[in-house]
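One structure is given here, and the rest of the page talks about it.
The values are calculated or read from the model by the stated rules, or taken from the named source; none is laboratory data. Note that the coordinates shown come from a computational prediction; the quantities given were computed from them, not determined experimentally. Backbone-built Cβ (ideal geometry, glycine too); neighbour counts: all protein chains shown. What goes into the accessible areas is simple: the full protein's heavy atoms, side chains included, and nothing from ligands, DNA or RNA. Shrake-Rupley method; radii C 1.70, N 1.55, O 1.52, S 1.80 Å.
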Amino acid sequence: NKVIKFDYCGKWSPQNTSRRVRPYQILLDNGICYLWGYSEERKAERLFDVGRIKGLCITKEDFKLPKDFEFEKKCGGGRFGAFQDEKKQKYVIEFYEDARYLVHSNIWAEDQILEEDDTEDKTTITFTASQSNNIMEWILTQGCNAIPLAPEEFVKEWKAVVKRMYQVTQEKFKML
C-alpha cells in the first residue's frame, strides 16, 4: 500500500501530467488494463489506462485502503465494465429475438429482474447501475433487438444516437 507517482497522458489531452495515486486495484476491460485508485491531484477516485502510464515510481509513503475501495462497489450494482457515472439509475430494457439469449447469458447487475413475454418474443430486464456509457454500448450492439424504456433521459440519448446513425448512413449512401 504505497503511493505511486507517474506521468500520464490522458485520453483527451496530448500532454503528460504528473500524478500521485493511491493504487487500489488493477482492472481488465475489453482487453485494456486499468489502474483504479485515488488521484491526489483530483482528490477523487480515477481510472488510468496502464498503457498511458510512463515513468512509474513507487514512493516510500504508505496509505491505508478505504473500506469501500473495490471498484465493483462503485458501479451502482452494475457489471458493465470498468467505467462508472456518478449517478445511479434504474434501467428497463426490452430485448427481442436472438438478443433475448444474451440477456440470460450473464448477471448484468446485482438486482436484475428478467421478465419473459413469449407471445411478443420479448425479455425485459430491469436493474440499477451507474454505468450509462457502457450500457448504451451494450444496447447499440444489439441493433433493433434492444430498446431501452427507462430512465427517460437515457432513452432520449439513445433515440438521438439512433437518429444520428440513420442520418449519417443516409448522407453516406447519397455520396455513393
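Accessible area per residue of the stretch 1-58 at 1.4 Å probe, in Å²?
The answer is 63 Å² per residue.
What percentage of the solvent-accessible surface of the stretch 93-176, computed with a 1.4 Å probe over protein heavy atoms, is contributed by carbon and sulfur atoms?
54
Past 26 Å, Cα to Cα: identify those pairs from Lys87/Lys172; Lys90/Lys156; Lys2/Lys90; Lys122/Lys172; Lys43/Lys156, in the order given.
Lys87/Lys172; Lys2/Lys90; Lys122/Lys172; Lys43/Lys156
Mind checking the angle between helix 152-175 and the chain's longest principal axis? C-alpha axes, 0 to 90 degrees, to the nearest 10.
Between the helix axis and the principal axis of the chain, the angle is about 80 degrees.
Just one of (i) 17.9, 55; (ii) 22.3, 72; (iii) 19.8, 64 is Rg and Dmax of the Cα atoms in Å calculated from these coordinates, so which is it?
(iii)
Within 10 Å of each candidate Cβ there may be at most 12 other Cβ atoms; applying that plus a DSSP loop requirement, which chymotrypsin sites (Phe, Trp or Tyr not before Pro) in the stretch 11-55 survive? Present the calculation step by step, with values, prior to reporting the outcome.
Numbers: sites: Trp12, Tyr24, Tyr34, Trp36, Tyr38, Phe48; in loops: Trp12.
Here the sparse-neighbourhood loop sites are Trp12.
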